[in-house]
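**Q** Got a structure here, written out as structure tokens. Questions coming.
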Amino acid sequence: VICKVSLAQISDVDRAVAVAKEAFETGEWGRMNARDRGRLIYRLADLMEQHQEELATIEAIDSGAVYTLALKTHVGMSIQTFRYFAGWCDKIQGSTIPINQARPNHNLTFTRREPIGVCGIVIPWNYPLMMLAWKTAACLAAGHTVVLKPAQVTPLTALKFAELTVKAGFPKGVVNIIPGAGSLIGQRISEHPDVRKLGFTGSTPVGKHIMKSCAVSNVKKVSLELGGKSPLLIFNDCNLHKAVRMGMGAVFFNKGENCIAAGRLFVEESIHDLYLNKVVEEVKKMKIGDPLDRSTDHGPQNHRAHLDKMVEYCATGVQEGATLVYGGKQVPRPGFFFEPTVFTDVQDDMFIAREESFGPIMIISKFADGDLDGVLKRANNTEFGLASGVFTQDLSKALYISERLQAGTVFINTYNKTDVAAPFGGFKQSGFGKDLGEEALNEYLRTKTVTIEY
Ligand code: TAP
């Protein structure tokens, strides 16, 4: 037990939505000049930077992320996200559209891009602050007020963030953080009649349920960032050293609790054994330990149920006949530590080839030398479509593959390289709508068409 946090009740959601609605419709925030809104968001980012070590420490203790990663990625990217979107506040504009193109023309049509109102946000536990930042920053830049529910198991950085919004000078009612159970608080947010937009990141089954609640309640606009089982294709003409190092990162980054983690590696047959041996050599060197220790590579899994899921997932892989090359067990020390794990000889119809583990488990399958279209077909044979990757020195091959992979992100000779300016989001059952980049603003704006006859 780290600390105790009060659980919100349904009446707390209703109070939060009511003050958020008031702040949007009649409060100072709703009337604020867009440049002043931007300055407030910049000030918030500065405060987060001043508190970055504290935020990273809280995140490490709460989520198990190693401190060095928490500082650079969880907190660092969150700060960058607020700065990036602060810059958008005074650049939200519509267009002038020629209609009824007869001459002379007595019409003028233009569009305005407006915020929608109170925005609900429900997020998961793997990057607690970063998931908050990706959605909240775009949402505030667009002029919304926010009611956000963090995951029950990781509410702490969201609460610290709430404190910083007060320090930054955000008017009352603009940012509301309410920790509580998804089935109660998340459910109420997604079906609340005064919430007009919902941004969700989490699993595909809960995303489907939320989409239904949004439809039935008031047809609220919704964007969903859901699960993934991202394929990573490694060809025999790759830079092997890089493909090993980045393949490790693709799987073990943030102890595998990474939505874009490579869920399956397809390795060309002629380099399969070499690749496998090199990966195992590197995995053996990973230092498992206290996330606050600056030399740790691999911290504990986020919570008990997730650790149990990893144990069961690996047992299923072994039962199905996949070869467990390394790991597969809980580490015998206090805490929720799980060994970085490597499987090979994984067949396409196996559970571990199809289902997301969301943990530090590398799943390797071979493909025949030169069988480009065959491996593409296998890589796309999934209902997920979040990310994907390819390692080859042949640029034509890489571009051919990037065109055909059915995923929202394709990494070529790199992995995990997300940036605040680049849109991020899934295809197929990995969801729809983008976080980050200019496109994220679209998720939080509506377009009004104005036509004048003169
Ligand atoms: P979920 O179980 O889906 O939970 C996500 C959030 O939804 C939590 O805050 C949860 O509340 C809440 N929730 C649960 N039931 C709900 C309901 N009926 N109505 C409204 N909200 C509800 O996912 P998770 O286990 O936290 O996270 C892991 C999943 O998230 C993985 O599949 C992963 O791939 C995905 N993920 C995707 C991305 C992107 S960007 N695509 C990023 C990170 C994670 P509780 O706190 O009560 O659980």
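The values are calculated or read from the model by the stated rules, or taken from the named source; none is laboratory data. In this text, all values refer to a predicted model and were calculated from it rather than measured experimentally. Here Cβ is always computed from backbone atoms with ideal geometry, including for glycine, and neighbour counts include all displayed protein chains. All accessible areas refer to the heavy atoms of the entire protein, side chains included, with ligands and DNA or RNA removed. Shrake-Rupley method; radii C 1.70, N 1.55, O 1.52, S 1.80 Å.
**Q** Which distance in Å, rounded to a whole number, links the C-alpha centroids of segment 338-394 and segment 137-156?
**A** About 33 Å separates the Cα centre of segment 338-394 from the one of segment 137-156.
**Q** Okay, moving on. What whole-number value in Å² describes the accessible area per residue of segment 280-418 for a 1.4 Å probe?
**A** That works out to 46 Å² for each residue.
**Q** Moving to a separate point now. Rank 264, 446 by accessible area, highest first, at a 1.4 Å probe radius?
**A** 446, 264
**Q** May I pose another question? Would you mind classifying segment 34-99 by shape? Square roots of the alpha carbon gyration tensor eigenvalues, ordered a ≥ b ≥ c; an a/c under 1.5 is rounded, otherwise it is prolate if a/b is larger than b/c and oblate if not.
**A** Prolate.
**Q** 222 nm [θ] for the chain, helices only, -39500 (n - 2.57) per DSSP H run of 4+, per residue, to 500?
**A** Roughly -12500 deg cm²/dmol at 222 nm, from the helical runs in the chain.
**Q** Still on this structure, please answer the following. What's the angle, to the nearest 10 degrees (0 to 90), between helix 304-320's Cα axis and the longest principal axis of the chain?
**A** Orientation of helix 304-320: about 40 degrees from the principal axis.
**Q** Let me ask you something else. So what J values fall out for segment 220-225 if you push phi through Karplus, 6.51 cos²θ - 1.76 cosθ + 1.60 with θ = phi - 60°, rounded to Hz, Gly and Pro as x?
**A** Those phi angles translate into 6, 5, 9, 10, 10, 10 Hz.
**Q** Going by average Cβ neighbours within 10 Å, how do the peptides 64-75, 234-245, 136-147 rank, with the highest at the top?
**A** The densest-packed peptide leads the list: 136-147, 64-75, 234-245.
**Q** Apply the Karplus parameterisation 6.51 cos²θ - 1.76 cosθ + 1.60, with θ equal to phi minus 60°, to every residue of segment 429-443 and state each ³J(HN,Hα) to the nearest whole Hz, in sequence, with x for glycine and proline.
**A** Taking θ as phi minus 60°, the curve returns 7, 8, x, 8, x, 10, 9, 6, x, 4, 4, 5, 4, 4, 5 Hz for segment 429-443.
**Q** Considering only DSSP beta bridges whose two residues both sit in the chain, what percent are antiparallel, to the nearest 5?
**A** The antiparallel fraction comes to roughly 30 percent.
**Q** If you fit an axis through the alpha-carbon atoms of helix 204-218 and take the longest principal axis of the Cα set of the chain, what angle between them do you get, 0 to 90°, nearest 10?
**A** That works out to roughly 20 degrees.
**Q** Let me ask something else about it. If you take every residue apart from residue 447 with its C-beta less than 13 Å away from the C-beta of residue 447, what net charge results, scoring Lys and Arg +1 and Asp and Glu -1?
**A** +3
**Q** Sticking with this one: Over the chain, calculate the relative contact order: mean separation of alpha carbon pairs under 8 Å at least 6 apart, over the residue count, as a percent.
**A** Rounded, it is 18 percent for the chain.
**Q** Same structure again: Per residue, how large is the accessible surface of segment 17-106? Use a 1.4 angstrom probe and give square angstrom.
**A** Computed with neighbouring chains in place, this is 52 Å² per residue.
**Q** Identify, among 429, 450, 238, the residue whose Cα sits farthest towards the positive end of the charge dipole of the chain, taking +1 on the Cβ of Lys and Arg and -1 on the Cβ of Asp and Glu, with the dipole about the Cα centre.
**A** Checking the options against the dipole of the chain, the answer is 450.
**Q** Still on this structure: Return the carbon/sulfur percentage of the accessible area of segment 262-409, one whole number, probe 1.4 Å, all protein chains in place.
**A** So the carbon and sulfur contribution to the accessible surface is 49 percent.
**Q** Go through 265, 139, 331 and say which Cα lies farthest out towards the positive end of the charge dipole of the chain; charges sit on Cβ, +1 for Lys and Arg, -1 for Asp and Glu.
**A** Working it through, the farthest residue towards the positive pole turns out to be 139.
**Q** To continue, here is another question. Give the aspartates and glutamates whose C-alpha is closer than 17 Å to that of residue 221, dropping any in the same chain fewer than 8 places away, or say none.
**A** Hits, sequence-local ones excluded: 114, 191, 194, 435, 439, 443.
**Q** On the protein heavy atoms, probe 1.4 angstrom, tell me the percent of accessible surface of segment 91-229 carried by carbon and sulfur.
**A** It is 58 percent, rounded to a whole number.
**Q** In whole Hz, what ³J(HN,Hα) sequence does segment 364-370 give by Karplus (6.51, -1.76, 1.60; θ = phi - 60°), x for Gly and Pro?
**A** Each residue's phi maps through the Karplus curve to give 10, 10, 8, 9, 5, 3, x Hz.
**Q** I'd like the accessible area for residue 204, computed on protein heavy atoms only with a 1.4 Å probe and all protein chains in place. Round to 10 Å², please.
**A** 20
**Q** In degrees, nearest 10, range 0 to 90: what is the angle between the Cα axis of helix 76-86 and the longest Cα principal axis of the chain?
**A** In the chain, helix 76-86 runs at an angle near 30 degrees to the longest axis.
**Q** Going down the table (229/428; 4/72; 278/397; 197/448; 72/160; 284/417), which pairs top 20 Å between alpha carbons?
**A** 4/72; 278/397; 284/417
**Q** To the nearest 20 debye, what is the magnitude of the charge dipole of the chain about its Cα centre, counting +1 on the Cβ of each Lys and Arg and -1 on the Cβ of each Asp and Glu?
**A** 1260
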